[in-house]
Amino acid sequence: PTCPEMVVVPPGEVTIGSSPDTVDRGTGEGPRRRVRLSRPLAVGRFEITRAQWQEFVSATGRPLAEGCQFYDGHYGYVLEHNWRTPGFAQRPEHPVVCVSVLDAEAYAAWLGARTGRRYRLPSSVEFEYFNRAGSDAAWFWGNDSTRACEYANVGDNDLKPHYPRQQVHNCRDEFLHTAPVGRFRPNAFGLHDTVG
């Protein structure tokens, strides 16, 4: 009952990369190309919660990783932060943060041993596919950034007073840092929190 709930995502195609006219387009986001995923994928409906992560840590004795990326007006690495103390308050139903790729891979291996099924992290193309859920717009819900707060925990108008130089979406999602998983509307595949 504490394992991640999975959703079967059908095979299909996705255009990866962003078009040259996309707002805030990064230098590594082009050229655009079409990619086909030929097999269905089982994907977690929600992010892994702190409670699920705690169960993994308790069962395996996985040590705390030292430090993680943190934003306090600018991005930086803070050695004192970890998943237990990320630099802001969280509850058990919030997504675990401040874990490394190696930590996430260890969680997937542990989950596989526990359930008898094979788990792994998605590739970047797989992530793009199930994040977009058939959309070719700027976000899976479309191009309207004022609707972002319906679908994702984003930099919004509540963030602006704390970080005035940060560009924000013109909406309010009610959370300065992380939000409980599943709080926002899902994409067309039924997946929550793939953006934010």
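The values are calculated or read from the model by the stated rules, or taken from the named source; none is laboratory data. Here the structure is a predicted model, which is why all the values come from computation and not from measurement. A quick note on method: Cβ atoms are made from the backbone with ideal geometry, for glycine too, and the neighbour counts reach across all protein chains shown. Keep in mind that these areas ignore ligands, DNA and RNA; they rest on the heavy atoms of the full protein, side chains included. Shrake-Rupley method; radii C 1.70, N 1.55, O 1.52, S 1.80 Å.
For segment 158-176, a residue qualifies if it is open to solvent by 30 Å² or more (accessible area, probe 1.4 Å) and closer than 22 Å to Pro95 by Cβ, and the qualifying residues are Asp158, His162, Tyr163, Gln166, Val168, His169, Arg172, Glu174, Phe175, Leu176.
Sort out which residues of segment 32-79 are open to solvent by less than 40 Å² (accessible area, probe 1.4 Å), in contact with a Pro (Cβ under 8 Å, 6 or more places away or on another chain) and outside any helix (DSSP H, G or I), and write them in order of number. Correct list: Leu37, Leu41, Val43, Gly44, Thr49, Cys68, Phe70. In segment 52-63, the residues that are of a type in the set (S, T, N, Q) form Cβ pairs under 7 Å with partners that are exposed (fewer than 15 other Cβ atoms within 10 Å of the Cβ), at six or more places apart or across chains, as follows: Gln52/Thr2. Among the residues of segment 81-108, the ones that are more than 25 Å from Pro161 (Cα to Cα) and in contact with an Asp or Glu (Cβ under 9 Å, 6 or more places away or on another chain) come to 3 in all.
Does any residue of segment 122-132 turn out to be in a loop (DSSP other than H, G, I, E, B) and small (Gly, Ala, Ser)? There is at least one residue in segment 122-132 that is in a loop (DSSP other than H, G, I, E, B) and small (Gly, Ala, Ser).
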